[in-house]
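Student: Pasting a structure below so you can have a look.
The values are calculated or read from the model by the stated rules, or taken from the named source; none is laboratory data. The model shown is predicted, which means the values in this text are computed figures rather than measured ones. Note that each Cβ is placed from the backbone with ideal geometry, even for glycine, and that neighbours are counted across all protein chains shown. Keep in mind that these areas ignore ligands, DNA and RNA; they rest on the heavy atoms of the full protein, side chains included. Shrake-Rupley method; radii C 1.70, N 1.55, O 1.52, S 1.80 Å.
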Amino acid sequence: MKYYIKLGLILFVITAIASGILAFLNGKTQPIIEENQVQAQINARLDVLSAAGFFVEDSIKIAKKQDANPLKIQKEVSENWFKYFRGFDADSLLIGYTFVASLYGYSSEVQTMVGVDTNLVVKKIKIISQAETPGLGANCVKEDFQKQFDGKSEKQLAVDKDGGEIESITGATITTRTIANSIKIGLNHLSKSVEIEEVD
Amino acid sequence: MLREFTKGFIKENPVFVMALGLCPTLAVTSSVVNAIGMGLAATFVLVFSNIIISLIKDFIPTKIRIPAYIVVIASFVTIVDMVMHAYLPAIHKSLGLFIPLIVVNCIILGRAEAFASKNNVLKSILDGFGMGFGFTFALVVIGGIREVLGAGQFLGMNVMWTSYKPMLVAILAPGAFIVMGLLMGLMNLKKKK
């Protein structure tokens with residue numbers, strides 16, 4: 001009996017020391033990690049809407065969408081808010097919007113930072129997070145692919161196979177479609193919120 | 001003494017000879033950068049867990065040695081994970097899930113059990129570095145072949161002639177098995193001679 005208590009105590013001491021060290025390091029690295037993420041978002045926003053001097057965050061409530069796939073876990077309530085940023089130039093003139101478009105692609109959630117002008121025409125996009133198939137879908141991060149989104153409006157945003165003007169990546173139509181659709185959905189939300197603003 | 005260091009490269013190479021840690025080997029070798037990142041992260045964990053385990057081996061009753069080793073290894077993996085996330089976010093992002101998985105990398109627990117728990121600190125450090133670099137070496141060789149064939153690049157730079165059509169299969173999952181299998185066969189062939 002005493003032997004087993006001793007075993008437990010030794011394990012307890014080891015885990016206690018380990019968790020103490022980890023807690024200390026976590027306190028040191030957590031703020032840096034969070035700052036990096038905020039900074040990365042700011043950089044991505046500036047990248048897609050380079051003329052902007054500063055951004056103002058805003059959001060619009062969107063109707064809860066019925067998920068086509070019943071197996072997929074229902075999204076959190078907070079995701080019923082569509083978040084976007086208004087970009088202003090140095091003279092505080094509204095020059096466009098940025099938002100993160102996100103949909104599940106072939107093997108991962110593909111997140112795209114999108115910059116649009118005040119007419120809701122895409123200025124520039126930047127894939128900020130993806131884990132699609134290397135060599136196929138992962139080619140979506142290539143400059144040449146992302147460039148073709150420049151100057152497209154909501155109507156033109158569809159893969160060429162679906163009658164749109166986005167040329168799909170060889171062997172990765174699903175990834176291409178995902179990106180085009182996610183931007184389209186975002187633009188749709190954005191147009192509603194812009195309408196509301198004009199009524200105000 | 002030096003043998004403890006050099007044996008990890010060829011004679012007891014963890015991947016090609018002992019066939020340990022194959023899961024990360026297959027998963028992260030689609031590019032050389034990933035291979036180096038994974039190899040060095042695993043080496044760090046391996047060396048430090050070897051040090052700690054050879055230090056505390058006399059205090060740990062044999063009955064609970066495995067959970068004790070796992071706690072030590074898991075702690076170092078978490079440290080690597082947090083530090084990389086904070087200071088090397090780009091590599092952390094591309095290695096993703098495979099950093100936490102170093103915990104269950106058989107090489108590390110294998111060396112703890114087979115070597116560090118029976119040898120002194122100095123030998124364990126040498127063993128850790130040797131095995132770690134042997135693992136990194138194996139990953140870089142596989143990653144290099146796959147990246148050159150599958151993407152026409154090495155470390156992100158184009159190395160093949162311009163009309164080269166990348167052999168996609170090499171950077172997809174089957175390519176990892178094919179390249180590793182051929183390399184293992186080559187190693188065995190050389191040993192037989």
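Student: For residues that are within 14 Å of chain B (Cβ to nearest Cβ) and of a type in the set (Val, Ile, Thr), scanning just the stretch A:163-181, find the one that is surrounded by the fewest Cβ atoms within 10 Å (Cβ to Cβ).
Tutor: The selected residue is A:THR170.
Student: Given the options B:SER124, B:SER31, B:SER94, name the one that is under 30 Å from B:GLY152 (Cβ atoms) and open to solvent by less than 60 Å² (accessible area, probe 1.4 Å).
Tutor: The conditions single out B:SER31.
Student: Are any residues in the stretch A:122-158 among the hydrophobic types (A, V, I, L, M, F, W, C) and more than 15 Å from A:SER182 (Cα to Cα), and if so, which ones?
Tutor: Answer for the stretch A:122-158, where residues must be among the hydrophobic types (A, V, I, L, M, F, W, C) and more than 15 Å from A:SER182 (Cα to Cα): A:ALA131, A:LEU136, A:ALA138, A:VAL141, A:PHE145.
Student: Then there is this: Taking helices (runs of 4 or more DSSP H) that do not extend beyond the stretch B:71-183, which have at least 1 residues that are acidic (Asp, Glu)?
Tutor: B:121-151
Student: Kindly evaluate B:VAL104 against the criterion of being under 30 Å from A:GLN111 (Cβ atoms) and either touching a Pro at 6+ places or on another chain (Cβ under 9 Å) or not hydroxyl-bearing (Ser, Thr, Tyr) (or both).
Tutor: The answer is yes for B:VAL104.
Student: A follow-up question, please. Can you spot a residue in the stretch B:165-175 that is more than 11 Å from chain A (Cβ to nearest Cβ), among the hydrophobic types (A, V, I, L, M, F, W, C) and open to solvent by 40 Å² or more (accessible area, probe 1.4 Å)?
Tutor: For the stretch B:165-175, residues more than 11 Å from chain A (Cβ to nearest Cβ), among the hydrophobic types (A, V, I, L, M, F, W, C) and open to solvent by 40 Å² or more (accessible area, probe 1.4 Å): absent.
Student: Every residue in the stretch A:87-127 that is over 18 Å from A:SER168 (Cα atoms) and outside any strand (DSSP E or B), please.
Tutor: Hits for the stretch A:87-127 are A:ASP89, A:ALA90, A:ASP91, A:SER92, A:LEU93, A:THR118, A:ASN119, A:LEU120, A:VAL121.
Student: Collect the residues in the stretch B:53-67 that are within 13 Å of another protein chain (Cβ to nearest Cβ) and crowded, with 23+ Cβ neighbours inside 10 Å, keeping them in residue-number order.
Tutor: B:ILE53
Student: Here's something else I'd like to know. Taking into account only those residues within the stretch A:23-61 that are aromatic (Phe, Trp, Tyr) and in contact with a strand residue (DSSP E or B) (Cβ under 8 Å, 6 or more places away or on another chain), which is farthest from the other protein chains (Cβ to nearest Cβ)?
Tutor: Looking at the filtered set, the residue picked out is A:PHE54.
Student: Among the numbered criteria (1) crowded, with 16+ Cβ neighbours inside 10 Å; (2) touching a helix residue (DSSP H, G or I) at 6+ places or on another chain (Cβ under 9 Å), which single criterion is violated by B:GLY152?
Tutor: It is condition (2) that B:GLY152 fails.
Student: Can you tell me which condition B:LEU40 does not meet? The list is (1) within 12 Å of chain A (Cβ to nearest Cβ); (2) surrounded by fewer than 19 Cβ atoms within 10 Å (Cβ to Cβ); (3) farther than 24 Å from A:GLU34 by Cβ, and all the others hold.
Tutor: If we test B:LEU40 against (1) within 12 Å of chain A (Cβ to nearest Cβ); (2) surrounded by fewer than 19 Cβ atoms within 10 Å (Cβ to Cβ); (3) farther than 24 Å from A:GLU34 by Cβ, just (1) comes out false.
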